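Every number here is computed from the coordinates shown, using simple stated rules; none is lab data. In this text, all values refer to a predicted model and were calculated from it rather than measured experimentally. Cβ: placed from backbone, ideal geometry, glycine included. Neighbour counts: every protein chain shown.
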Amino acid sequence: MARALYIHWPFCLAKCPYCDFNSHVRASVDHARWEAALLAEMRHEHDVAGGEPLESIFFGGGTPSLMPPALVARLLEEAERLWGFASGIEITLEGNPSSVEAANYSALASAGINRVSLGLQALDDETLRFLGRLHDAAEGLAALDVAQRQFSRVSFDLIYARPGQSLAQWEAELTRALGFGTGHLSLYQLTIEPGTKFATMVRQREFVPLDDDASADMFTLTQELTAHAGLPRYEVSNHARPGEESRHNLTYWRYHDYCGIGPGAHGRRGGMATVRHKKPENWLAALDEIGSGIAEERPLGIREQASEAMLMGLRLTEGVDLLQLAARFALTPPDLCDDRKAAFYLQQGLVWRAGARIGVTDAGIELLDALLGELVPAGLLEA
């Protein structure tokens, strides 16, 4: 049964060179039609995955912080009617740190949002221009200030290991970021993904990525500074004050069910993987035709589910309980984790074990992708 609900709002404020929502920029949006469509999709998901009260709701996508507060309130009202809310439910809004969106924060808080996640990404204008962001540092920090006054829980993200960035520069930036006092930070190393603008820039020698040793030093420094500030790492790139971890993202990493609604939204519930139509017009047409915006719904085999649970769970500092997962999927612990290789990497200081629980150490997390390929048996990965 679903414990979480993801609501995808596809419309962007302006064209963004680093996301795939360019086709979703609209001069105007028929909010009444979208309210009816999202409510219909929510009811469809409840019909197939209802039962447990919701522990978290996450509004993500293009610029959900520009959603009309009345629409947000109506969606939350219906979600509570359908599922019920668990005590202390986390309701997160993903926002760009612009002055236009920040102006909406008070009304969104009144509508029921109690946590916001801001995409600051950097604290200086030169880096923000390099990253292709539309806000400048002053605007971003002003939005953060408004968010901290309006919401009980605030998170923001930064990107480090950038071209030419020194260890001292990152130490100064992260120290400043920690000084803002938020209970959660997402700290991502810059990666060059194939097919992106950054990959093209590297190919054309417009910049040289930071080398692996320098990136590793920054990762180590990140762990030291955040732990000292009381925000230890609980996932590869996420740090939080104890009790302020993102409950919604923990649903993903602990491999619990969640429903996704809205164009492009993914879901996992009842052993099924769901994908919604990405283009808003196609999603609306599907709703009119079949009563939901689902483009693909396929059953996940037991071994595929177990593989996903291992790959997600080993991202967490808490690791995974092999006995619990084995019981959940009617498998054995050796089906989930190669004991011989786990023992080897334990000796190398890359893995830790405590009874039935296994996890990856700080030293191992920098080699996570390679370790996953070693620890999780090939037969499971190929499921």
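Quick notes on this structure:
- Simple spin-label estimate for A73 and D124 in nanometres, 7 Å along Cα-Cβ: 4.4
- In the chain, the DSSP-assigned H stretches of four residues or longer account for a calculated mean residue ellipticity at 222 nm of -12500 deg cm²/dmol, using -39500 (n - 2.57) per stretch and the full residue count as denominator.
- Seen through its C-alpha gyration tensor, with square-root eigenvalues sorted a ≥ b ≥ c, the chain comes out oblate because a/c lies at 1.5 or above while a/b is not bigger than b/c.
- Computed lengthening from L134 to A363, 0.36 nm per intervening residue step minus Cα-Cα distance: 78.9 nm
- Taking label points 7 Å from Cα along the Cα-to-Cβ direction, M272 and A227 give a separation of 4.5 nm.
- Karplus-based coupling profile of segment 143-158, in residue order and whole Hz: 5, 4, 4, 4, 4, 5, 7, 9, 10, 6, 9, 9, 10, 9, 10, 9, with θ = phi - 60° in 6.51 cos²θ - 1.76 cosθ + 1.60 and x standing for Gly or Pro.
- Cα gyration tensor category, rounded, prolate or oblate, for segment 203-280 with a/c compared to 1.5: oblate
- Highest-first arrangement of 257-266, 174-183, where packing means the average Cβ count within 10 Å: 257-266, 174-183
- Charge tally in the Cβ shell below 14 Å around L350, where Lys, Arg are +1 and Asp, Glu are -1, L350 excluded: -3
- Spin-label model, Y188 to E52: label points 7 Å out along the Cα-to-beta-carbon direction sit 2.7 nm apart.
- Ordering of 111-123, 293-305, 135-147 by burial proxy (mean other Cβ atoms within 10 Å per residue, highest first): 111-123, 135-147, 293-305
- Isotropic mean projected area of the C-alpha convex hull, segment 302-381 (nm²): 4.4
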